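These notes are about the structure you will find just below.
The values are calculated or read from the model by the stated rules, or taken from the named source; none is laboratory data. What you are looking at is a predicted structure, and each value in this text was computed from that prediction instead of being measured. Here Cβ is always computed from backbone atoms with ideal geometry, including for glycine, and neighbour counts include all displayed protein chains.
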Amino acid sequence: MKKKLLALALVAAMAMGLVACGGGSASGSSDAAADDAAKTEEAAAPAASGEGDIRLVNGKIEVDAALKAAAEAYKAETGVTVAIESMGGGVNIQDTLKGYFQADNMPDIFVCGSDADFGNWTGKLADLSNEPWAADTDAGYKDADGKIIGFPYTTEAIGLAYNADILEKAGIDPASITGPESMKAAFETLDAKKDELGLTAVIGWCCEAKDLYWSTGSHSFANYLDAGLARDDTTYSDLLAEGKIDEARFQKYAEMIALFNQYSDPALLTSGTYDQQILGFASGKYAFVTQGSWIGATMTSDDAEQYAAAGNFKVGMIPYAFDEGIDTILTNSPSWWAVFENDNTQKAKDFLTWLAGDAGQKFLVEDAGFISPFKSCKYVANDPFAQTITDFTAAGKTSSWHWLKNKASLDQNVLGQLYLDYALGNIPDAATFTQVVSQQIAAYYAQ
Amino acid sequence: MKTNTAGSKGLSVILMAAGAIMTIAALALDFMGNKASFRGPLLVIGVLAFVLGVYLFPTLKHHRKIVYVIFLFPLLFAFVVTVIIPLVLGIFYSMTDWTGIQFTKFVGLANYAAMFKDPAFIWSVLMTFVFVVINMVLVNLVAFLLALLCTSGLKGDGFFRAAYFLPNLIGGIVLGYIWQFVFNNVLINITKISWLVQTKTAMLAIVIVYVWQYAGYIMLIYITGLTQVPKDVLEAASIDGADAKQTLFQIKIPMIASTITICTFLTLTSAFKQFDVNLALTGGTGSVPNFMGAYLTNGTQMLALNIYNTAVSKNNYSLGQAKAVLFFIILACVSLVQVRISNSKEVEL
């Protein structure tokens, strides 16, 4: 009898365990959300409070604070809580979102950066074509049917950034660099005066393949696709979609890369990091740096001390003129915010409308440092590159970012490594580089 | 068990039936997307009622078995939910064009065919096997030597044990980034060009980091084995005039044969599953100019990383899933062989 009592007691204990587990499952989703959102302490609270609030997954961790401030202001105005969940620094956002989707924990607004990203969510995103802001910008993301499904929040530019002070001291007018010959001449002049100007190298250019593949394989490669073309010219991205490259154009581009490889800092060329590259430029050790306008934020925050020590020099951009006549820099919205189709869709749309309006733009431009894609915006970002982007845009000398249409992770899986091989000398010259890139792209697109 | 009456039988059946109905109703509600908050309690009460019904079922013959099953149930349930169901789903997804969100059609074995035609994947498999063999030898050798050192009556051997074991406590990702810094910023002064950028030296770098991380752990197991060698045997050997070398090879190593088996398989399986150091140290980069007629850009990418990369970065979840199934088969074979060998050794002892 005692045994039986004991057994019954154990069964009861087990049952309690089950009940506890079952009870847990009811609140399981919010717990999971809290865990996942642990990076951003605020995100946990709205996930628990449930209905009536919206959640935004942001891909630019550097503007987390500014977005939270905007969300606070929005709450004060309308009473709707917007939870900002920021991801960055190597988090694969699309993959995390897929996890959220499986866990029935989708955010209402989330970041999408390319055709492949939007392709993941076909049929699950809200149509934003009729939103009030849609007429105020050309930068909204349009799907295959021409419907706007992505909200543009900033503008970024890819161009060859230069240190205006150093070029002036070396007697080089950036406007005079219009093609491969003049670029080579400028590089040689700077190289000869390196010691006098306090330069470590002419150009900050890194080809490391593990962490910087996106810089070479996407942003630099983008110049082959778009530099010098009209914004709606898709010649080379259409060709790429078939797995082909224009070898004559690419070879000219490859020769420019050879020039970069030759005049870059050998200590950083094959194993440098983004931070080292930008720090070198901000400290005035390079006359030029690859990358794009986003480095302005790094220069004025992380590297502010060195930048001040180097005299807060003026910066600007010139086109990557690998062929005579290329006179555009590439500007685009680097990623968009998409609205997930669910019960909260209208609230999410209202928030985006508010962000596109005067009050929201003040936060996005002045606090987050975004360069507004909206025509009606009257704020100017306090960014070293804001002026040069405005100038190119006003002159109509901008091209688009068709590299966003590249096949998923082309940069990480193929191109990043090839640029590194080229820099290492594993690939000896521009002609071979062109051949290898051509074959590899064909193979990757055939998969 | 004297209450073997029609009354208790009736109660038992009613409980079982009610439990089953409640469970099914709760699940059905959930599948239909109903958000009613009583789903959870309904499910739990249903399951409990069913279990109670089974427990009260008046049978003398099977009572014990029923109790065993009931006690095993939580474990079995957890095992099914976390292992069996994902395994079955995984095999299922590997035969579709699943994107991680949805799938539109079945493709049969096309994913399996595709992966064996891909030189990059075959390279990854080969690299993994090479890596496993090199590591099995190196880790065991280094760990055994360290264990000998730590059991040789050295002063402060406790400190050395802790020191050698310490790298194992640091996560592989962190270790990877630390060593990436070491290779790219410190050792570069000697090597001129970072070891991580060329495939051969990068593989060597992974081996070094992995041995550094894992040898301390295996060392602890060897120390346990070595300290369990009976003192009287060692004493008898020394009286018979055996020198240190003879003692090691004739006495100690045969006495710890089972430990060596365990360590060999531990290193084998963990080297197969190598992922975190690989991801953080090289990310699979490195080039191979000509392998099966292709120029490869995944020189240091081992099997686990290749699977991850296929699914996450190339956005091909179903192909990644197919590769994962192969990975499972390889590991299952290794484990089965291990269990067989360990069992036969135990019989010998």
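Some observations on this one:
- Any hit, segment A:367-375, residues being among the basic types (Lys, Arg), away from every other protein chain (no Cβ under 14 Å) and over 22 Å from A:Phe118 (Cβ atoms): yes
- Cross-chain or 6+ apart pairs with Cβ under 9 Å, segment B:288-315 first and more than 30 Å from A:Phe118 (Cβ to Cβ) and within 11 Å of chain A (Cβ to nearest Cβ), then assigned to a helix (DSSP H, G or I) and basic (Lys, Arg): B:Gly299/B:Lys200
- Output for segment A:139-198, where each listed residue is in a strand (DSSP E or B), in contact with a Pro (Cβ under 6 Å, 6 or more places away or on another chain) and buried (at least 22 other Cβ atoms within 10 Å of the Cβ): A:Pro152, A:Tyr162
Per-residue answers, yes or no, for (1) without any contact (Cβ under 8 Å) to a residue 40 or more places away in the chain; (2) over 30 Å from B:Leu305 (Cα atoms); (3) touching a helix residue (DSSP H, G or I) at 6+ places or on another chain (Cβ under 7 Å):
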site	(1), (2), (3)
B:Asp232	yes, yes, no
B:Ile239	yes, yes, no
B:Ala244	yes, yes, no
B:Thr247	yes, yes, yes
B:Lys252	yes, yes, yes
B:Ser258	no, yes, yes
B:Thr261	no, no, yes
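- Test: residue in segment A:361-379 that is under 30 Å from A:Gly179 (Cβ atoms), crowded, with 23+ Cβ neighbours inside 10 Å, in contact (Cβ under 8 Å) with a residue 40 or more places away in the chain and of a type in the set (Val, Ile, Thr): yes
- Residues that are closer than 15 Å to A:Gly198 by Cα and either under 21 Å from the mean Cα position of the chain (by Cα) or surrounded by 24 or more Cβ atoms within 10 Å (Cβ to Cβ) (or both) within segment A:264-278 comprise just one, A:Ser264.
- Screening segment A:386-426 for residues that are within 17 Å of A:His219 (Cα to Cα) and in a loop (DSSP other than H, G, I, E, B) and picking the one that is farthest from the other protein chains (Cβ to nearest Cβ) gives A:Ser400.
- Residue within segment B:38-52 that is within 14 Å of chain A (Cβ to nearest Cβ), part of a loop (DSSP other than H, G, I, E, B) and over 28 Å from B:Ser8 (Cβ atoms) present: yes
- Any hit, segment B:311-322, residues being modelled with pLDDT of 90 or more, closer than 18 Å to B:Phe265 by Cα and outside the structural domain of B:Gly90 (by TED's automatic domain parsing): no
- All helices (runs of 4 or more DSSP H) inside segment B:159-229 with 3 or more residues being modelled with pLDDT of 90 or more and away from every other protein chain (no Cβ under 14 Å): B:199-227
- Some residue of segment B:71-82 being assigned to a helix (DSSP H, G or I), modelled with pLDDT under 85 and either out of contact with any Cys (no Cβ under 9 Å at 6 or more places or on another chain) or within 26 Å of A:Asp104 (Cβ to Cβ) (or both): no
- Residue in segment B:285-299 that is crowded, with 17+ Cβ neighbours inside 10 Å, part of a helix (DSSP H, G or I) and not basic (Lys, Arg) present: no
- Members of segment A:88-109 that are within 11 Å of chain B (Cβ to nearest Cβ), part of a loop (DSSP other than H, G, I, E, B) and either small (Gly, Ala, Ser) or surrounded by 21 or more Cβ atoms within 10 Å (Cβ to Cβ) (or both): A:Gly90
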